[in-house]
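Any read-out appearing in this document is the output of simple, stated calculations on the displayed coordinates, not a laboratory observation. Note that the structure is a prediction, hence the values are computed from the model and not measured. Cβ placement follows ideal geometry from the backbone for every residue including glycine, while neighbour counts extend to all protein chains displayed.
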Amino acid sequence: MRKKLTTEILEEWLENVRPYAYDGQVADYIPALSKQHPEDLAVAIYYLDGECIHAGKVETCFTLQSISKVIALALALIDNGEDYVFGHVGMEPTGDPFHSIYRLEQHRPSKPLNPMINAGALAVSNMIHGVTPDEKVGRLLSFIHEMTDDHSISFNREVAFSEFETAFLNRSLLYYLKQHKVVTGSVEETLDAYTKQCSIELNVMHLSKIGALFANDGKDLNSGRQIIPKHFARICKTFMVTCGMYDASGAFAIKVGIPAKSGVSGGVMGSVNGFGGIAVYGPALDPKGNSVVGLKLIEMLSNRYDLSIF
Ligand code: GLN
């Protein structure tokens, strides 16, 4: 068992990275996200023995955005099994920006390269069982309630609506995928479910607990209940390594070396077997869409505690 950090050290580290809070840009392509404040920084570590230490604005809630792609993948695997999911979405990293469209044309039969880019995530969202978008999102929320043991978690309607109204690129990805039968049903309803999924709102303590559950091979830390089958938890962590940080995943694997997933709201979730879950919130993003403060802090943690899985 690795030595634990103290809250004081975590607070000190957060202050050390605070100057980077203005080194990037808060996302504004989803208009509602631009209201986030660059200095609302928070970090939490959830150890496998159930202890959670944290620093900063830990009560501040933020939307999951692309971090939801990992959780939705776990649920889609539970709902449909591995063969069905990977019959529609590939397993290879793209090295392209998360919203890129152009590789869809390059592969026949046309299928998104992986579930962490938007094209793949839209297809995964479409696979979650449920007749209506609200039923699908409701099931995803129940899944998150189970993982966090907090039944008050919901989605932010303003952020969901703001993305739904402006998601022209995601709409075009969906029309393309529908043409090629990767998604079924209504494009607008799938986009409705996806934007609500991305707008699920929680804080770093919740997120670090989800990271810890993945690190614990899908088992609830308190009850020992298998919430995600071990094999599916492993699939999710593998995608986090190969494509969790968009087209910065290679550099992140070298510098930090842990399974992690970021979102354009500025959240990052890390998951380290034998250690626990890590969550950082820092809304300013680098040009690839990763939290500047999040990357710095996780790199510091990884170096100090030798967390690299390689
Ligand atoms: N909802 C966002 C989108 O589809 C999520 C992207 C992200 O976090 N990278 O554009």
Under the Karplus curve 6.51 cos²θ - 1.76 cosθ + 1.60, θ = phi - 60°, whole-Hz ³J(HN,Hα) for the stretch 268-278, x wherever Gly or Pro sits: 9, 10, x, 9, 10, 3, x, 10, x, x, 10
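Within 10 Å, at most 15 other Cβ atoms, and a DSSP state outside H, G, I, E, B define an exposed site. Report the longest part of the chain free of exposed GluC sites (Glu not before Pro).
It runs 60-310.
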Whichever aspartates and glutamates have a C-alpha closer than 15 Å to that of Lys181, once near sequence neighbours (fewer than 8 apart) are set aside: Glu105
Assigned charges on the beta-carbon of Lys, Arg, Asp, Glu; the chain dipole about Cα centre (debye): 780
Point-to-point label distance, Ser142-Asp217, nm (Cα→Cβ direction, 7 Å offset): 2.7
Tail fraction, Cα-Cα pairs, the stretch 62-119, threshold 15 Å, whole percent: 51
Nitroxide proxy distance, nm - points 7 Å out along Cα→Cβ at Ile309 and Asp83: 2.7
Spin-label model distance (nm) - Thr60 vs His99, 7 Å beyond Cα toward Cβ: 2.3
Under the Karplus curve 6.51 cos²θ - 1.76 cosθ + 1.60, θ = phi - 60°, whole-Hz ³J(HN,Hα) for the stretch 158-166, x wherever Gly or Pro sits: 5, 5, 4, 5, 4, 6, 4, 6, 10
The stretch 67-198, relative contact order [Cα under 8 Å, separation at least 6], %: 29
Fluctuation leader among Val89, Val58, Val131 - the chain, Gaussian network, Cα springs under 10 angstrom: Val131
Euclidean distance between Cα centres, the stretch 15-77 to the stretch 211-281, Å: 14
All lysines inside 18 Å of Lys237 as judged from Cα atoms, apart from same-chain residues fewer than 8 positions distant: Lys69, Lys209, Lys219, Lys255, Lys261
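As a check on your grasp of the helix formula, calculate [θ] at 222 nm for the chain: sum -39500 (n - 2.57) over DSSP H runs of n ≥ 4, divide by the residue count, round to the nearest 500. Each step should come with its number before you reach the end.
On the way: 12 runs with 138 residues, N = 310.
For the chain, the value works out to -13500 deg cm²/dmol.
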Sites Ile254 and Asn16, calculated FRET efficiency, Cβ-Cβ separation with R0 25 Å, nearest 0.05: 0.65
Highest-MSF residue in the chain out of Val292, Val280, Val268 [GNM, Cα springs under 10 Å]: Val292
Positive-pole candidate from Met116, Met91, Tyr20, dipole of the stretch 1-141, charges at beta carbon: Met91
